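**Student:** This is the structure I have questions about; it appears just below.
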Amino acid sequence: YTEGEFSEKSSSMRTLQGFSTATTDDGTPKLAGEKFFDMYRAYWGGSATYADDFVMAALDKTGVFADASDADEGDNLARAEIANKGAQYQNTWMYIIHEMEDAVADCRAGDLTANDKGVKAIDEAWVFWAGSLEGTEGTGNGVQMYALAEKRAANFGTKANGKALVNTNVLTHIEAMRDYLKAGLCDAAADKIGVVVSQMTVPLIQGTIRYAYHGDSAVQSGDLKKGRAEGWAFLAAALPQINQCDPAVASMLRVNMEYGVANPMAAGYKAVVARVRSTRTRGCTSSTRWRTPWRTAARGT
């Protein structure tokens, strides 16, 4: 996470941590000025490193994990879920959007290859979505957002022709962006970013619904720390968009699902899911309308 291993740049090793902590030469956050980054940063109290803060609290046992015990399996599992899912669904997720923004900026500057080693930023967006383990056919055996979309599509019945609708839609829209960029239609490409983000958000919402159920002691038994950590990791990754749509809904969800709250899932998973679903038709921006078939979380999912 902090040192990297497999993604070498010309002068350094790319890290997942760097997706959150990178700055320009003058110290300005690298993603500053980008719509979704600014939205998320504002929601998380103005911290430009909000995603790294989320991950490092779990790794370093700070914040809500300050009292976590290495001898407690539930604590260890919860920390692992927060760290892993935070790195994937906050650090990398936001950087995918950055690559789309960067591609549009390159288009407007008249050079689509103005990046390290001459790669095109729109290609990087897809690579970071899919990861390096999917192969040419997209097996769902990777560890990035593509694999998550396949898992959640299997849970929620949102596949078509054997593939998650989300992955099909993300690829379709990114390919459309690529074509617009090649044709110099920079504004048309920019208009696609919000459409792609709406699809990128679907697995996060599906994960929130799934683990609201798995974190509710009224329907589950045993140590629920792992499930509750997973629920919080998914919700936290979508919460700034939900807040943009309806702050009251965001507040209610956070009170029930934030890891470490005094009375987790007090409202019950059905009430939580109903509030999540309510944002679909609440006059939200396109970025918060999750265009996919929905199924309510149910036993066995």
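The values are calculated or read from the model by the stated rules, or taken from the named source; none is laboratory data. Just so we're clear, the structure is a prediction, and the values are computed from it rather than from any experiment. In this analysis, Cβ positions are derived from the backbone assuming ideal geometry, glycine residues included, and neighbour counts consider all displayed protein chains. Surface accessibility is based on the protein's heavy atoms, side chains included, excluding ligands, DNA and RNA. Shrake-Rupley method; radii C 1.70, N 1.55, O 1.52, S 1.80 Å.
**Student:** Sort out which residues of the range 234-263 are part of a loop (DSSP other than H, G, I, E, B) and within 22 Å of Asp53 (Cα to Cα), and write them in order of number.
**Tutor:** Glu258, Tyr259, Gly260, Val261, Ala262
**Student:** Take the residues in the range 1-53 that are modelled with pLDDT under 95 and in a helix (DSSP H, G or I); name whichever of them is farthest from Ala105 (Cα to Cα).
**Tutor:** Looking at residues that are modelled with pLDDT under 95 and in a helix (DSSP H, G or I), I get Gly18.
**Student:** Filter the range 210-229 down to residues that are without any contact (Cβ under 8 Å) to a residue 24 or more places away in the chain and over 14 Å from Ile82 (Cβ atoms) and give me whichever is surrounded by the most Cβ atoms within 10 Å (Cβ to Cβ).
**Tutor:** That would be His214.
**Student:** Taking the range 1-29, which residues are within 16 Å of Asp102 (Cα to Cα) and open to solvent by 70 Å² or more (accessible area, probe 1.4 Å)?
**Tutor:** Thr23
**Student:** To continue, here is another question. Here's a check for you: in the range 136-169, which residue that is part of a loop (DSSP other than H, G, I, E, B) and touching a residue at least 40 places away in the same chain (Cβ under 8 Å) is surrounded by the fewest Cβ atoms within 10 Å (Cβ to Cβ)?
**Tutor:** Applying the filter and picking the extreme gives Gly157.
**Student:** Among the residues in the range 250-271, are any of a type in the set (Lys, Arg), touching a Gly at 6+ places or on another chain (Cβ under 7 Å) and touching a residue at least 12 places away in the same chain (Cβ under 8 Å)?
**Tutor:** no
**Student:** All but one of (1) modelled with pLDDT of 95 or more; (2) assigned to a loop (DSSP other than H, G, I, E, B) hold for Ala78; state the number of the condition that does not hold.
**Tutor:** (2)
**Student:** Let me ask you something else. Quick check on my filter: what residues within the range 117-128 are farther than 25 Å from Asn167 by Cα and either open to solvent by 60 Å² or more (accessible area, probe 1.4 Å) or touching a Leu at 6+ places or on another chain (Cβ under 6 Å) (or both)?
**Tutor:** If the condition is that a residue be farther than 25 Å from Asn167 by Cα and either open to solvent by 60 Å² or more (accessible area, probe 1.4 Å) or touching a Leu at 6+ places or on another chain (Cβ under 6 Å) (or both), then Lys117 is the only one that fits.
**Student:** Yes or no: Gly131 surrounded by fewer than 19 Cβ atoms within 10 Å (Cβ to Cβ), under 27 Å from Glu34 (Cα atoms), of a type outside the set (S, T, N, Q) and under 18 Å from the mean Cα position of the chain (by Cα)?
**Tutor:** Against the criterion (surrounded by fewer than 19 Cβ atoms within 10 Å (Cβ to Cβ), under 27 Å from Glu34 (Cα atoms), of a type outside the set (S, T, N, Q) and under 18 Å from the mean Cα position of the chain (by Cα)), Gly131 qualifies.
**Student:** Follow-up. Which one of Asp60, Asp102 is under 22 Å from the mean Cα position of the chain (by Cα), free of Cβ contacts under 8 Å to residues at least 24 places away in the same chain and surrounded by 21 or more Cβ atoms within 10 Å (Cβ to Cβ)?
**Tutor:** The match here is Asp102.
**Student:** Could you go through the range 176-194 and let me know if any residue there is touching a His at 6+ places or on another chain (Cβ under 6 Å), in a helix (DSSP H, G or I) and either surrounded by fewer than 24 Cβ atoms within 10 Å (Cβ to Cβ) or in contact (Cβ under 8 Å) with a residue 24 or more places away in the chain (or both).
**Tutor:** Within the range 176-194, one or more residues are touching a His at 6+ places or on another chain (Cβ under 6 Å), in a helix (DSSP H, G or I) and either surrounded by fewer than 24 Cβ atoms within 10 Å (Cβ to Cβ) or in contact (Cβ under 8 Å) with a residue 24 or more places away in the chain (or both).
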